[in-house]
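Novice: Mind having a look at this structure? Questions to follow.
The values are calculated or read from the model by the stated rules, or taken from the named source; none is laboratory data. Keep in mind it's a predicted model, so treat the numbers as computed, not measured. Ideal geometry is used to build each Cβ from the backbone, glycine not excepted, and the neighbour counts take in all protein chains shown.
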Amino acid sequence: MCALRLRYHPSFHAKAMNDVQAPIPVVVRGASGRMGQAIIRLLGARSDLALAAALVRAGSPATGQPAAPGSNVIATAALDEAVEARVLLDFSIAPAFDEGLTLAVERRLAFVSGTTGLSAAQQAALDEAARSIPVLWSANFSIGVAVLARLGAQAATLLSEWDCEIIEVHHRNKKDAPSGTALALGRAVAAARGIDFGAVAQPARDGIADAPRDPAAIGFAAIRGGDIVGEHTVLFAGAGERLELHHAATDRDIFAHGALAAAVRITRLSPGRYAFAELLGQGMA
Ligand SMILES: NC(=O)c1ccc[n+]([C@@H]2O[C@H](COP(=O)([O-])OP(=O)(O)OC[C@H]3O[C@@H](n4cnc5c(N)ncnc54)[C@H](OP(=O)(O)O)[C@@H]3O)[C@@H](O)[C@H]2O)c1
């Protein structure tokens, strides 16, 4: 996670003050997916946000259909020029991510994304976009996971000699492994120990090892099955004892609630790259 300070931009603030009663118009991209549908459903129950457009993949059977049961917004593959929006919420897939980020920059929309499996080039594109729009990408919009990352970093320092392994469990349809959240937790541990994550991350083990475990390694194990929403364990193993910090998500709505809370806050901020944990620090929990 980056550690930028929140920067309030007078024009965003003035706009927010003027629209104090008006809901913030939101574009949801990946609208036909599990997260997209959860976000649209929860948007319907809020007075501070309103669905302005629902974007789906070109050729998707959802095109031309109501964005969700009872919605008067019709799902489209392209954002109509006439649609006025302030923020784009992207929960799609990594190969489709660039297109969404480009759209946000072109239309000067704040950008909030939870799409995982991004490449280093896509992360760099987020940094570049942050020069012109407010940008928040998070591998996990759960408040509990944000706290888990902080606790993991603390334990990594206190137990600096202990081995660290991260175990994640997800539903059978998850495409990327290890999960973006597991990698973010690993980065938090590495940063707390002052080591280069890329040099110590060990994403998979198979076969017969020709050397003992590297004490600095951060190992990952990914389990897939059924409809498990998402579980993460940061395990620290010492001699004769171990500590496990565990988070279980039982309801996908937690991510949607977190993303919507981020969408409200980011529209008040100036261009820049923000982390979900920073917004937590602003009383979001
Ligand atoms: N950060 C978090 O807290 C968090 C939490 C949960 C999930 N996630 C991540 O969020 C993403 C979505 O998760 P999900 O469970 O909702 O997956 P999903 O059900 O597979 O939804 C992905 C959606 O993206 C759509 N899509 C693909 N290409 C597109 C394009 N060019 N334009 C618009 N939409 C496009 C897909 O449409 P088709 O089906 O028509 O191809 C699908 O509806 C994944 O990367 C997942 O790992 C993040």
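Novice: Here are GLY219, GLY225, GLY194: which of them is more than 14 Å from LEU148 (Cα to Cα), touching a Lys or Arg at 6+ places or on another chain (Cβ under 6 Å), modelled with pLDDT of 95 or more and not acidic (Asp, Glu)?
Specialist: It is GLY225.
Novice: Of all the residues that make up the stretch 19-56, how many are assigned to a helix (DSSP H, G or I), buried (at least 21 other Cβ atoms within 10 Å of the Cβ) and not small (Gly, Ala, Ser)?
Specialist: So the answer is 5.
Novice: Right, something else. Check ILE266, ILE254 and return the single one that is touching a Ser or Thr at 6+ places or on another chain (Cβ under 7 Å) and either aliphatic (A, V, I, L, M) or surrounded by 14 or more Cβ atoms within 10 Å (Cβ to Cβ) (or both).
Specialist: Only one candidate passes the filter, namely ILE254.
Novice: Please tell me if VAL145 is within 30 Å of PHE236 (Cα to Cα) and within 15 Å of the ligand (Cβ to nearest atom).
Specialist: Considered against the rule, which asks whether it is within 30 Å of PHE236 (Cα to Cα) and within 15 Å of the ligand (Cβ to nearest atom), VAL145 comes out as yes.
Novice: Let me ask something else about it. Select from the stretch 228-243 the residues that are under 19 Å from VAL145 (Cβ atoms) and among the charged types (D, E, K, R) and list them in ascending order.
Specialist: Passing the criteria: only GLU231.
Novice: Looking only at the stretch 205-226, count how many residues are small (Gly, Ala, Ser) and under 22 Å from ALA190 (Cα atoms).
Specialist: So the count comes out to 6.
Novice: For residues that are free of Cβ contacts under 8 Å to residues at least 24 places away in the same chain and of a type in the set (Gly, Ala, Ser), scanning just the stretch 71-94, find the one that is surrounded by the fewest Cβ atoms within 10 Å (Cβ to Cβ).
Specialist: ALA82
Novice: Turning to a different aspect of this structure: Does ARG213 satisfy being farther than 24 Å from PRO95 by Cα and either surrounded by 16 or more Cβ atoms within 10 Å (Cβ to Cβ) or assigned by TED's automatic domain parsing to the domain that holds ARG242 (or both)?
Specialist: So ARG213 fits the description; yes.
Novice: Another question, then. So, in the stretch 86-108, exactly how many residues are over 16 Å from SER132 (Cβ atoms) and part of a loop (DSSP other than H, G, I, E, B)?
Specialist: Of the residues in the stretch 86-108, 3 are over 16 Å from SER132 (Cβ atoms) and part of a loop (DSSP other than H, G, I, E, B).
Each row is one residue, and each column tells you yes or no for (1) exposed (fewer than 14 other Cβ atoms within 10 Å of the Cβ); (2) assigned to a loop (DSSP other than H, G, I, E, B); (3) within 13 Å of the ligand (Cβ to nearest atom).
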{"position": "GLY117", "(1), (2), (3)": "no, yes, yes"}
{"position": "ALA149", "(1), (2), (3)": "no, no, yes"}
{"position": "ALA156", "(1), (2), (3)": "no, no, no"}
{"position": "SER160", "(1), (2), (3)": "yes, yes, no"}
{"position": "CYS164", "(1), (2), (3)": "no, no, no"}
{"position": "GLU168", "(1), (2), (3)": "no, no, yes"}
{"position": "ALA177", "(1), (2), (3)": "no, yes, yes"}
{"position": "LEU183", "(1), (2), (3)": "no, no, yes"}
{"position": "ALA188", "(1), (2), (3)": "no, no, no"}
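Novice: While we're on this one: Taking the condition part of a loop (DSSP other than H, G, I, E, B), modelled with pLDDT under 95 and more than 9 Å from the ligand (Cβ to nearest atom), does LEU79 pass?
Specialist: no
Novice: Output the number of the condition that VAL135 fails; it satisfies all remaining conditions of (1) outside any helix (DSSP H, G or I); (2) near the ligand (Cβ under 10 Å from one of its atoms).
Specialist: (2)
Novice: Starting from the stretch 191-219, take each residue that is small (Gly, Ala, Ser) and list its partners that are part of a helix (DSSP H, G or I) and surrounded by fewer than 16 Cβ atoms within 10 Å (Cβ to Cβ), counting only C-beta distances under 7 angstrom and pairs at least six apart or across chains.
Specialist: The qualifying pairs are ALA192/THR157.
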